[in-house]
Amino acid sequence: MAAAMPHSRTTPPALRAAALLGAAGGLRTAMPWGALAVRGRVGGGLRRFVPLTAVAGELAIDKLPQTPSRTSPPGLACRLASGATAGWLVAGAPGAAIGSAAAGLSAFAGERTRAALGRRTGLPDPLIAAVEDLVAIGVALAAARQAADAG
């Protein structure tokens, strides 16, 4: 597969895809890339293995107690970059801005929601994180589907 190039035109479906990819990236940094790989938008053959492996690793590492906050400067920077790059891929420069903004919003919202659910329910954090994983996967796959519909 050739190198990924952004869409030449920015359409509402492409902008929605950029926002959803960014939101997924705010929850799990590698998630947009895993979803795009599943839909054949990035990678091909063995190159598809890299983003899917990154997603699997992140899903496991996220459950460890020593994993730093997603809103710490390095974690947040990676999420913003992931959202921006995925957004650029599906909707060019406007998609990059939208993807980055959505990643930042979902990083903070996800962190606060996860903490609040833990306090209110008493459920163990890894269980809440696993539910958050499912949300991130669903958002990312919806985004990749939207990107495919956009062209």
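The values are calculated or read from the model by the stated rules, or taken from the named source; none is laboratory data. Values in this document were obtained by computation on a predicted structure and should not be read as measured data. No Cβ is skipped: glycine too gets one built from the backbone with ideal geometry, and neighbour counts run over all protein chains shown. In case anyone asks, the SASA skips ligands and DNA or RNA and just uses the protein heavy atoms, side chains included. Shrake-Rupley method; radii C 1.70, N 1.55, O 1.52, S 1.80 Å.
Figures for the structure shown
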quantity	calculated
ALA60 being modelled with pLDDT under 95 and more than 16 Å from ALA35 (Cα to Cα)	yes
The lone exception for ALA23 - which of (1) loosely packed, with under 15 Cβ neighbours inside 10 Å; (2) in a helix (DSSP H, G or I); (3) among the small types (Gly, Ala, Ser) it fails	(1)
From the options ALA102, ALA130, residue that is in contact (Cβ under 8 Å) with a residue 24 or more places away in the chain, buried (at least 18 other Cβ atoms within 10 Å of the Cβ) and assigned to a helix (DSSP H, G or I)	ALA102
Residue among THR113, THR67 that is assigned to a helix (DSSP H, G or I) and β-branched (Val, Ile, Thr)	THR113
Test: residue in the range 133-147 that is within 19 Å of LEU15 (Cβ to Cβ) and polar (S, T, N, Q)	yes
Filter result for the condition that a residue is touching a residue at least 40 places away in the same chain (Cβ under 8 Å) and among the polar types (S, T, N, Q), over THR71, THR113	THR71
Matching entry among ARG79, ARG119 (being assigned to a helix (DSSP H, G or I), surrounded by fewer than 20 Cβ atoms within 10 Å (Cβ to Cβ) and among the basic types (Lys, Arg))	ARG119
Flag for VAL90 being buried (at least 19 other Cβ atoms within 10 Å of the Cβ) and either at pLDDT below 95 or over 19 Å from LEU20 (Cβ atoms) (or both)	yes
Evaluation of ALA18 against (1) of a type outside the set (Phe, Trp, Tyr); (2) open to solvent by less than 50 Å² (accessible area, probe 1.4 Å); (3) over 24 Å from ILE128 (Cα atoms); (4) modelled with pLDDT under 95 (one fails), failing number	(4)
Residue count for the range 34-47, restricted to those that are closer than 16 Å to LEU89 by Cα and open to solvent by 60 Å² or more (accessible area, probe 1.4 Å)	2
